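Peer 1: Take this structure, written in structure tokens, and hold onto it; I'll ask about it next.
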Amino acid sequence: MLLHKGTNSIETRRLLLRKFEKNDAKDMFHNWAGDIEVCKYLSWGPHKNIGVTQMRIDSWINQYDYEDTYIWAIEYKNVNQAIGSISVEMNDDRTLSCEIGYCLSKEYWNRGIMTEALRVVMHYLHYEIGYEKIVAKHDILNPASGKVMQKAGMEFEKVLYQTSRRRDGTLCDCAVYAKKNWDEG
């Protein structure tokens with residue numbers, strides 16, 4: 001049984017994972033949501049203007065009223081600004097499983113930041129909420145995202161062939177990773 005607690009702040013040595021605030025729109029737009037390279041393999045974006053980003057943040061803020069909502073801004077403590085996001089994209093209380101999605105400013109790629117955020121979010125979702133299986137997936141053309149999943153302790157499960165369409169209209173194959181063995185950290 002799950003014990004939903006909602007999006008509570010989580011802190012690591014370098015990061016503060018917290019709820020989005022209205023004033024995060026500028027950081028989000030400039031750091032990742034408006035960046036075509038960051039959004040290349042995502043199902044959304046890039047945002048055309050900061051107004052689109054503000055509407056997205058406003059919708060997330062409204063979702064915080066529900067205890068089964070898990071959407072964090074990733075704030076890098078050294079710069080005191082939002083540099084990415086990590087969230088539960090889908091959850092299934094019946095099977096005690098959920099799927100995580102994430103995005104990070106390219107300025108902070110290859111520093112272990114997303115691995116750190118993913119690890120601490122999975123820990124929270126398993127040990128505080130009760131999810132037994134946590135899943136993430138990535139476009140197979142973006143293997144760097146799969147490396148983040150592996151470094152965070154997830155294991156490759158399968159490839160979903162032609163599971164969705166990219167923004168350019170081509171069919172997308174996605175690699176699926178999962179964390180379900182909690183005895184190994």
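No value in this document is a laboratory result; all are computed from the given coordinates. This structure is a prediction, so every number in the text was calculated from the model and none was measured. We place every Cβ from the backbone using ideal geometry, glycine too, and count neighbours over all the protein chains shown.
Peer 1: Mind scanning Lys151/Lys180; Lys26/Lys147; Lys106/Lys158 and naming the pairs with a C-alpha gap bigger than 20 Å? Could you put the intermediate results ahead of the total?
Peer 2: On the way: Lys151/Lys180 15 Å; Lys26/Lys147 29 Å; Lys106/Lys158 27 Å.
Result: Lys26/Lys147; Lys106/Lys158 exceed 20 Å.
Peer 1: Can you tell me the length gained on complete extension of the stretch Thr170 to Lys26, counting 0.36 nm per residue apart and subtracting the Cα distance? Walk me through the numbers before you get to the answer.
Peer 2: Values: separation 144, 0.36 × 144 = 51.84 nm, distance 3.09 nm.
Going from the current span to full extension adds 48.7 nm.
Peer 1: Let me ask you something else. Place the peptides 152-164, 86-98, 17-29 in order of packing, highest mean first, counting for every residue the other Cβ atoms within 10 Å and averaging per peptide. The partial results should precede the final answer.
Peer 2: On the way: 152-164: 14.2, 86-98: 16.4, 17-29: 18.5.
Output ranking for 152-164, 86-98, 17-29: 17-29, 86-98, 152-164.
Peer 1: Same structure again: Taking a ≥ b ≥ c as the square roots of the Cα gyration tensor eigenvalues, with a/c under 1.5 meaning rounded and otherwise prolate when a/b beats b/c, else oblate, which class fits the chain?
Peer 2: It is rounded, given that a/c, with a ≥ b ≥ c, falls under 1.5.
Peer 1: If you don't mind, another one. Placing +1 on the Cβ of each Lys and Arg and -1 on the Cβ of each Asp and Glu in the chain, which of Ile71, Gly112, Ile61 has its Cα farthest towards the positive end of the resulting dipole?
Peer 2: My answer, from the dipole projection, is Gly112.
Peer 1: Relative to a virtual label point 7 Å from the Cα of Trp109 in the Cα→beta-carbon direction, which members of region 70-84 show backbone nitrogen distances below 17 Å?
Peer 2: Under 17 Å, as judged by backbone N against the label point of Trp109, lie 83-84 of region 70-84.
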